[in-house]
C-alpha cells in the first residue's frame, strides 16, 4: 500500500462513518482509531515505514472531518448564527478526528514494534497543519492530538507523559509554521496538565519551554 493509498483509505472510511452518524461521536472516535491503528500496523507488516503511514493516516482522518464539515457549512442557511455554529461543529469534528488519529497511531506503531516519540510528534504536527488547511481551529486539533496520544500510550513502551509531550511538541512546532499567534494559542492549550498528565514540550521556537498548570481536560 503506497502513501497516497493509505491516506485515501483512511479518508474514505472516516467519511463513510461520519456521514452515517452525522457527526464524530465517541463510538466513531473508537472506530476511526481502529482504522488508523490497523492501517499503520499492516503497513509495517509489509515492510512500509510506520512514520510515513501514520502521517498519511492522520492526513486522511483530518481531511475527512474537514470535508464533511464543509458540506455541512454549504448546506446551512448563511446567517451569522448558523455559520458560526457550522464552524464550531467543524472544529469539534477535527479535534475528535485528531484524537482518534493519534490514538490509532500510537497503538498501531506500538503493535508494529516501531513506536517512538518522533512518530508521535510527527503525527501531531500533521494533525495541526491539516486542521489549518481545512480552516479548523488549530488549538482544538492540538488538544485532540495530545489527548489521543495519552490514551494510546496505555500498555505501550511509552509513558503517558512521553507520548503527551511528544504530541505537544509536534503540535506547537506545526503552529509555529502557521504563525506566532497560532503557536502561542497552541502552546497555552497543551502545556500543563491534560487529562491528569503533566505535559511539557521542547520546541524549535522555545526549546526551554516548561509546563504551567492548566485545568485538566474532561
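Residues checked against (1) in a helix (DSSP H, G or I); (2) more than 20 Å from residue 32 (Cα to Cα); (3) more than 13 Å from the chain's Cα centre (by Cα); (4) modelled with pLDDT of 85 or more:
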{"site": "87", "(1), (2), (3), (4)": "yes, yes, yes, no"}
{"site": "104", "(1), (2), (3), (4)": "yes, no, no, yes"}
{"site": "109", "(1), (2), (3), (4)": "yes, no, yes, yes"}
{"site": "121", "(1), (2), (3), (4)": "yes, no, no, yes"}
{"site": "144", "(1), (2), (3), (4)": "yes, no, no, yes"}
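If you go through region 163-181 and keep only what is more than 16 Å from the chain's Cα centre (by Cα) and buried (at least 18 other Cβ atoms within 10 Å of the Cβ), you end up with just 176.
Taken across region 105-112, residues that are out of contact with any strand residue (DSSP E or B) (no Cβ under 8 Å at 6 or more places or on another chain) and under 15 Å from residue 195 (Cβ atoms) do occur, with at least one present.
The values are calculated or read from the model by the stated rules, or taken from the named source; none is laboratory data. Not measured: the values here are computed from a predicted model. Don't worry about glycine lacking a Cβ; one is built from the backbone with ideal geometry, like all the others, and counts go over all protein chains shown.
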